[in-house]
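What follows is a short report on a single structure.
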Amino acid sequence: MADSEQPEPGGVTGEQKLAPAASLDAFATRLAGSSLWANRLVYGTLLVAVSVGSAFLASPGLTSQKIPELTSHHVGKPFRAASLAGFKAGRDYEVRDEARTQAAREEARARVKPVFDYDPSVESSVGRALDESFGGMQEVVEEFQLDHYLKSEGKPGEEVPAAAKKRGPETKEEGLELAARLRDARKRFESHVYPTDSEDFEAMLANRFSPEALKAAHVLLEVAYRSKLVTSRDELTRVDQSGITVRILGGSSEDGLDTRAGSSEQRSAGPSVLDLHEAADALDRYAGVPGNLLPDSPASLRRAVLRLVKRQLRANMTINLAETELRRKKAYDGAKPVDIVIKKGQKVIGDGELVTPTHLLVVQKMREQTDGLDLIQLQVGGAGVVAVVTVAVWLFLRAVRRFRPTRKDALFVGMSLLGLLGLLHLWVTIADAVHDRYEQMPIEALYYCFPVAAGAMLVRFVLTEELALFFAVVFSCLCGVLIGNSLSFALFTLVTSLIAADRIARARDRGGIFRAGAWTGAAGAGLVVFLGLAEGRVMSDTLIGALFALGAGAFVVPMLVMALTPLTEVAFGYASDIKLLELANLNHPALKELIVQAPGTYHHSIIMGSLVEAAAEAIGANSLLARSCAYYHDIGKGRNPAYFGENQKGENRHDQLAPAMSAVIIKRHVTEGMEMARQYKLPRRVSAAIPEHHGTRLVGFFFHKAKKEQEGKEHPQPIDDTVYRYPGPKPQSRETALVMIADAVEAASRSMPEPTTANLHALVQKLITMIFGEGQLDECDLTLKDLNVITSSFVRTLEGIYHARPQYPAAAIGSPTKPALTLAPPQQKKAGS
């Protein structure tokens, strides 16, 4: 049988040994796949919970605001609200006010003045009637004159001379005959004009209905129709007191006229319009002026012409009821409805405010416009917005190598998001109540009092800047939605959160937290001023808001973070820098136990702390975390200190053990160290260094010892390197990677006979290259540039530890004279270190 097929103790061949290993690998693969799906399920559940919770908190109408049930019995009584801020609208509403709409329509209808049709042709029509009446009577006169001429002087068919027409009757009989003819033609006269009195007719008959009388009648018509005439003054006062609209029939477009459908319109007031009685009085006054009316004619004729014209007057302006009603209906229908616009978050009625009919109307209309579907839409929409924003930011940050949150981290961020959003929701309610009481206080200034930057500051204080960025972006979007879709408040939240997260990273004590708060408050105050200028707000309100933002950032934010940090550390096992300072105190119980049980390991850890702290500062890592990790990375060695080289004094217990057993004992300090970390409640970021500082490296001394023992045998057995290999994981952070490198460097440097600068540099570079070549640094964020910086930093620190010392005078120390300079003798490395 070949060497590779030689049975191992117990008769198991190599192939038989590989089968369980293959099965174990398959099981591990399936376990990893199931763990991946478990993580996805947890993250998905957490996303849904945060999205739904945020949707409820960001939509006031979904949580505590329900539309109250008001009836007519509540009018005039105080309203009792469930919230101090009263009842606010959960979304935008548009409520039609029917009463005010009807009033607006009636007002628009009333503004339309009555339409009167003005007919300028009435005057000419009356004038033509007079012309025809007088013309008919003058024809009678001319016929009489012709007959008289023919009887006396003319011949049949001969035209009457003009002189004969002008000659009056010469005899009494002829006059009586002409008068008789004219009386017979009275009906002809009155067929064109209104009937006249016999007295007036006789007066005009005596004048033979002369052209002079007709001309005088036309003068009177012109005087009468200088104004617009209506039938009665009561017709004007009955329809409108403020004026009328006059439509000129048959007019044309002129300045100040409104032409529609062949008609022109103009506004006319009452004094420019006369009724028929007023027009008759105006004629009487005109005729009463001497010389105006037939001054050379008898009074009877003047009186007859005046009365004739007064009887012929007709209204040239009449009301058009159909047009008036049409225009009023058009104005009524065209009146804009009166809508009451209610914005989301707007107070509808305050607590203790008397209920009015308007409140009753608004609440009833809101109930009509709101149903279960509206609530579901708000819920789904709000949750969808939160989910989309969260997933988008999460996917973007996944490209960042250091963004690897655990399930616990995601839970903490989600709880912080919901908790702070709930507090903001409560504060908005309180701020609205304060604003209702003190209306001169700007509501935006009260909003700026809330410590919105505390969340990102807390996340950065106990976790990483990537998670703080994630929190800041998502939380700022939700804050903007909660404050009525306010872009300015979202920007304020984002900027102050980013400043707070950046400044808190430099805090190493409580004073540093307040310094970070001061930076946050100053940035917030400046942003509020610029936002106020950009939005054109009153400067006094802007300055009040900036003052409140400064106070909230400089005092409320750091105090809230200081209060929540211990609770967060206890609940989630996180370590803030203040916690790390406490752990770096050498009086910690774990370190006091270590110095008693394993003084060599304690000394080794202290030196490593110096190494990693300087290197972490050089590459920009968390130096405080690196030092704490170095102090506690080997606390498990305190359980069996005699099995580790730095604690051995002469006797080496591994000499009596097989290499495999020694390797098991050596590796056990990792599990025992994790047990002690749980016992002392070390934060996860610190306890992670216990397994990660070994990664998956081999326990080299005993592995090579086992190989050497097999080389001398006739039938060497294959060595299972899993027995000698640490379980891992590999370093996940730069700090634990520094601890791994420093652990190897410090142990190896002890056995150097001449720790010169060149030798130290070569040693450090060799060990880093070896660790890098084994792939132990694949899962952390150290770069090649970082490794070069780490090499230089380690060398400088080791030079300080192994520096040359001057020779003291023999008389001072009571010993023989020695060389002037010597090196500190390095401690030889023993097996198991």
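Numbers for the structure displayed
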quantity: Checklist (1) touching a residue at least 40 places away in the same chain (Cβ under 8 Å); (2) part of a helix (DSSP H, G or I) applied to R508, failing item; calculated: (2)
quantity: Listing of helices (runs of 4 or more DSSP H) fully contained in segment 278-377 that carry 2 or more residues being under 21 Å from R100 (Cα atoms) and more than 31 Å from the chain's Cα centre (by Cα); calculated: 321-334
quantity: Residue in segment 748-763 that is under 30 Å from I665 (Cα atoms), modelled with pLDDT of 90 or more and either surrounded by fewer than 20 Cβ atoms within 10 Å (Cβ to Cβ) or small (G, A, S) (or both) present; calculated: no
quantity: Only one of L482, L498, L487, L478 that is of a type in the set (A, V, I, L, M), open to solvent by 30 Å² or more (accessible area, probe 1.4 Å) and under 18 Å from the mean Cα position of the chain (by Cα); calculated: L487
quantity: Test: residue in segment 722-729 that is assigned to a helix (DSSP H, G or I), open to solvent by less than 50 Å² (accessible area, probe 1.4 Å) and in contact with a strand residue (DSSP E or B) (Cβ under 9 Å, 6 or more places away or on another chain); calculated: yes
quantity: Test: residue in segment 735-748 that is within 16 Å of P691 (Cα to Cα) and among the polar types (S, T, N, Q); calculated: yes
quantity: Candidate set from segment 743-759 (those that are under 60 Å from the mean Cα position of the chain (by Cα) and not charged (D, E, K, R)); member that is farthest from I790 (Cα to Cα); calculated: A747
quantity: Every residue from segment 535-564 that is open to solvent by 50 Å² or more (accessible area, probe 1.4 Å), part of a helix (DSSP H, G or I) and more than 22 Å from T464 (Cα to Cα); calculated: E535, M539, S540, D541, L543, I544, L547, F548, L550, F555, V556
quantity: Number of the condition not met by V413 [criteria: (1) surrounded by 15 or more Cβ atoms within 10 Å (Cβ to Cβ); (2) modelled with pLDDT under 85]; calculated: (2)
quantity: Filtered residues of segment 170-212 (kept if within 18 Å of V309 (Cβ to Cβ), assigned to a loop (DSSP other than H, G, I, E, B), open to solvent by 30 Å² or more (accessible area, probe 1.4 Å) and out of contact with any Pro (no Cβ under 9 Å at 6 or more places or on another chain)); calculated: S191, H192, Y194, P195, D197
quantity: Residue satisfying condition, being at pLDDT 90 or above, open to solvent by 10 Å² or more (accessible area, probe 1.4 Å), farther than 14 Å from V556 by Cα and out of contact with any Cys (no Cβ under 8 Å at 6 or more places or on another chain), within set L426, L469, L446; calculated: L469
quantity: Extreme residue, modelled with the highest pLDDT, among residues of segment 149-169 that are surrounded by 15 or more Cβ atoms within 10 Å (Cβ to Cβ) and under 25 Å from L214 (Cα atoms); calculated: V160
quantity: Complete set of residues in segment 657-680 that are exposed (fewer than 15 other Cβ atoms within 10 Å of the Cβ) and either under 17 Å from R639 (Cα atoms) or hydroxyl-bearing (S, T, Y) (or both); calculated: M661, T671, E675, R678, Q679
quantity: Residue in segment 281-302 that is open to solvent by 10 Å² or more (accessible area, probe 1.4 Å) and in contact with a Ser or Thr (Cβ under 6 Å, 6 or more places away or on another chain) present; calculated: no
quantity: Matching residues in segment 451-466 - criterion: being closer than 20 Å to A546 by Cβ and either in contact with a Cys (Cβ under 9 Å, 6 or more places away or on another chain) or modelled with pLDDT under 90 (or both); calculated: V452
quantity: Which numbered condition A454 fails, given (1) more than 17 Å from S497 (Cα to Cα); (2) touching a helix residue (DSSP H, G or I) at 6+ places or on another chain (Cβ under 9 Å); calculated: (1)
quantity: First in segment 441-452 and within 12 Å of C479 (Cβ to Cβ), second anywhere and aromatic (F, W, Y) and crowded, with 20+ Cβ neighbours inside 10 Å, Cβ under 6 Å, 6 or more apart; calculated: Y448/F548
quantity: Number of positions in segment 580-597 that are over 20 Å from E465 (Cα atoms) and surrounded by 15 or more Cβ atoms within 10 Å (Cβ to Cβ); calculated: 9
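One line per residue, one yes/no per condition, for (1) among the acidic types (D, E); (2) surrounded by 16 or more Cβ atoms within 10 Å (Cβ to Cβ):
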position: A571; (1), (2): no, no
position: I578; (1), (2): no, yes
position: P599; (1), (2): no, no
position: I619; (1), (2): no, yes
position: D634; (1), (2): yes, yes
position: Y643; (1), (2): no, yes
position: E651; (1), (2): yes, no
position: L682; (1), (2): no, yes
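Rundown of residues vs (1) within 18 Å of E735 (Cα to Cα); (2) in contact with a Lys or Arg (Cβ under 8 Å, 6 or more places away or on another chain); (3) open to solvent by 80 Å² or more (accessible area, probe 1.4 Å), yes/no style:
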residue: I768; (1), (2), (3): yes, no, no
residue: F772; (1), (2), (3): yes, no, yes
residue: C780; (1), (2), (3): yes, yes, no
residue: I790; (1), (2), (3): yes, no, no
residue: R796; (1), (2), (3): no, no, yes
residue: G800; (1), (2), (3): no, no, no
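The values are calculated or read from the model by the stated rules, or taken from the named source; none is laboratory data. For clarity, every value in this text was computed on a predicted model and none was experimentally measured. Reconstructed Cβ throughout: ideal geometry from the backbone, glycine too, with neighbour counts over all protein chains shown. Heavy atoms of the whole protein, side chains included, go into the accessibility calculation; ligands, DNA and RNA do not. Shrake-Rupley method; radii C 1.70, N 1.55, O 1.52, S 1.80 Å.
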